[in-house]
Amino acid sequence: MQIPLSKYLPFVSAAGAKLEGGSAGSALVNGTTYYVGFGGEEAPFLDIHFQWDAVIIITSVEVELSCNPDAALNSVVLGEWVKTNLVSASAALEASSGTVTALTLSAIAGGTMGGAIWHLITGSKRGRLKVVVAGTGGSCKAMGHGKA
């Protein structure tokens, strides 16, 4: 069964400001951490697609999971969100540029437009991408799709 997710997933800053997603992407500013939430309860098989423009510099994009229904999307409380750092039969990451280390996408340099897809098999209630923008902001967009 196909589980359609939002066409474009919104970004939420560490301060809680929500940026709606769209075909042109969301304008992310330098020196800020953003979170992109995605569901996992109804769809244990998920693909999360992340794209960036040629301007932005990103330190890292990580997958974090939580079964805690009370954890805020932008929570930094230790233990509420757990970094997933395992490439196995249950998770994979493919990227057109940047550096791939386990399930972390890092070192996205300015002048490098690209995209990545995380293929996840998860029983977690929900997940998020943690996007750390470095010295230059730019535009990013995130999309998701799931199957049960």
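So which residues in region 73-82 are within 16 Å of the chain's Cα centre (by Cα), in a loop (DSSP other than H, G, I, E, B) and in contact (Cβ under 8 Å) with a residue 12 or more places away in the chain? Don't jump to the end; show me each part of the working.
To start, the set of residues in region 73-82 that are within 16 Å of the chain's Cα centre (by Cα) comprises 73-76, 81-82.
The next check asks that each one be in a loop (DSSP other than H, G, I, E, B); those that pass are 73-76.
Passing the criteria: Leu73, Asn74, Val76.
Of the residues in region 27-66, how many are in a loop (DSSP other than H, G, I, E, B) and at pLDDT 90 or above? Don't jump to the end; show me each part of the working.
Within region 27-66, the subset in a loop (DSSP other than H, G, I, E, B) is 29-32, 40-44, 53-57.
Among the residues that remain, those that are also at pLDDT 90 or above are: 29-32, 53-57.
Number of matching residues: 9.
In region 50-65, what count of residues is obtained for those that are over 11 Å from the mean Cα position of the chain (by Cα) and buried (at least 21 other Cβ atoms within 10 Å of the Cβ)?
Residues meeting the conditions: 3.
The values are calculated or read from the model by the stated rules, or taken from the named source; none is laboratory data. All of these numbers come straight from a predicted model, not from anything done at the bench. Positions of Cβ are generated from backbone atoms using ideal geometry, with glycine treated the same way; all protein chains shown enter the neighbour counts.
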